[in-house]
Amino acid sequence: MFSSLTERLSKSFRNIINRGRLTESNIKDTIREVRKALLEADVALSVIKTFINNVTKKSIGYEINKSLTPGQEFIKIVRNELILAMGEQNNDLNLSICPPAVILIVGLQGVGKTTTTAKIAKWIQDKYKKKILITSIDIYRAAAIKQLEILSNQINVSFYAPDTHQKPIHITEKAIKYAELKLYDILLIDTAGRMHIDEIMMNEIQEIQNFSKPIETLLIVDSMMGQDAVNMAKNFSKYLSISGIILTKTDSDARSGIALSMRYITKKPIKFIGTGEKIENLEMFQPERIADKILGMNKVVSIIKDIEEKINQSHVKDLTKKLKKGDDFNLNDFLIQIKEMRKIGGLNYFIDKLANNKAMHNHSLLNDEENNLNKIEAIIYSMTPKERNNPDIIKGSRKRRISLGSGTKIQDVNKLLKNFDNIRKIMKKIKNNGISKIIRNIKNILPTRF
């Protein structure tokens, strides 16, 4: 969905990424290209105007963060404005009400309401372990009721079968009473698709909302509708109190402007996006993640998240303190860092995430990385505590003993010591600036080929 916008913005940033400073003249062309990219993505004109004005004001004369270049700072400003346009934070479902909490699903015909109803049920079930009941009041389309029943069985969620001879308001009343009687936590109601210009149908859904008093009324929007979806959402809001929006079909090649325009114009939060046809293809809408995806930064953000989740932060803090005290980086520290790298997936992980060059994936060092790491660990484990703390004492006889103990060659021991010495020099250079700069030298953490 965002690929074309990502490509256009990437081209726009090339002209400014290496600039020494941000000025009105050197960002003028870039701003123009950003505006074109947003127009091509079908972003609403009012949103583009506000977006461009904010980026321009914040860019010119902006004090550059010492850790970033002016070009990087500009991209950071654009990212922040994208997040502001889509909503600064994710809005979870509001389920804080005496059960059963009623969730009303509304929207036009053919936008994916029925499938999305089942997706939401599964999402709530997986995250909150709630007892859920689903029903449909789409008496105008028997196939929709049957479809929802089948989907309910697939996800092991209870289904309340409606009497299609009754009016939707009466089905709603009976479903609520049944949910109360059977002690369900959540009642999801899938409504009939209706044209927003159909006054009779809109009055019907308004009556249902007034009666059921849902904790959430979610408007399902087909992302392929473009800016027509914004007008539709406005009209639905005239009749209903909409609490949130769900974008469907975001896995298509639809232009991505709808994601940027919907929140800004309607003032309603986008709560979820449908990313495919399968039941599990529903994700919480996270503005930061979408902004990173639009800017082509999602892979980097994914790496950072993995590092934060998988790396033992106490080890990082201990090493940081040690370096700041002026203590030497030794082989015990190196062994710990190797183990932490393996938790993430080693250097191959970074190459798979970031490399666009197929040749990098076929590099012999990367293919043999696991063997290299095994050798490193075996060699270090064959050393005495004194040798690990002070590798400089490892000479001829010690090298022979270590190679025999680890099942490696003396040349392997020599290469490890040489690579470690290079790493230690790097650590000395960065000890006054914090451990974070290690990531810039990530290729040096692993040795050259044994």
Any hit, segment 227-237, residues being assigned by TED's automatic domain parsing to the domain that holds E277, of a type outside the set (A, V, I, L, M) and farther than 27 Å from D42 by Cβ: no
Restricting segment 102-152 to residues that are over 19 Å from K174 (Cα atoms) and among the charged types (D, E, K, R), the residue that is modelled with the lowest pLDDT: R141
All positions within segment 132-152 that are over 33 Å from the mean Cα position of the chain (by Cα) and free of Cβ contacts under 8 Å to residues at least 12 places away in the same chain: A143, K146
For I208: the one exception among (1) closer than 25 Å to Q166 by Cα; (2) under 25 Å from the mean Cα position of the chain (by Cα): (2)
Qualifying residues in segment 180-194 (those that are under 33 Å from the mean Cα position of the chain (by Cα) and farther than 20 Å from D126 by Cβ) - the one surrounded by the most Cβ atoms within 10 Å (Cβ to Cβ): I189
Residue list for segment 389-410, restricted to those being out of contact with any helix residue (DSSP H, G or I) (no Cβ under 6 Å at 6 or more places or on another chain), modelled with pLDDT of 90 or more and in a helix (DSSP H, G or I): I393, S397, R398, R400, R401, L404, G405
Residue list for segment 84-139, restricted to those being under 20 Å from S152 (Cα atoms) and among the charged types (D, E, K, R): K113, K119, K122, D126, K127, K129, K130, K131, D138
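Residues checked against (1) touching a residue at least 60 places away in the same chain (Cβ under 8 Å); (2) assigned by TED's automatic domain parsing to the domain that holds K271; (3) more than 18 Å from I279 (Cβ to Cβ):
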residue	(1), (2), (3)
K113	yes, yes, no
A121	yes, yes, no
K130	no, yes, no
Q154	yes, yes, no
I171	no, yes, yes
Sole residue being modelled with pLDDT of 85 or more and not assigned by TED's automatic domain parsing to the domain that holds D228, chosen from V78, V34, V43, V55: V55
Residue in segment 219-227 that is in contact with a Phe, Trp or Tyr (Cβ under 9 Å, 6 or more places away or on another chain) and of a type outside the set (A, V, I, L, M) present: no
Where a residue in segment 371-383 is of a type outside the set (S, T, Y) and its partner, wherever it lies, is outside any helix (DSSP H, G or I) and modelled with pLDDT of 85 or more, with Cβ under 8 Å and at least six apart: K375/T408; A378/G407; A378/T408; I379/T408; M383/I394
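The values are calculated or read from the model by the stated rules, or taken from the named source; none is laboratory data. All figures in this text were calculated on a predicted structure; none of them were measured in a lab. Here Cβ is always computed from backbone atoms with ideal geometry, including for glycine, and neighbour counts include all displayed protein chains.
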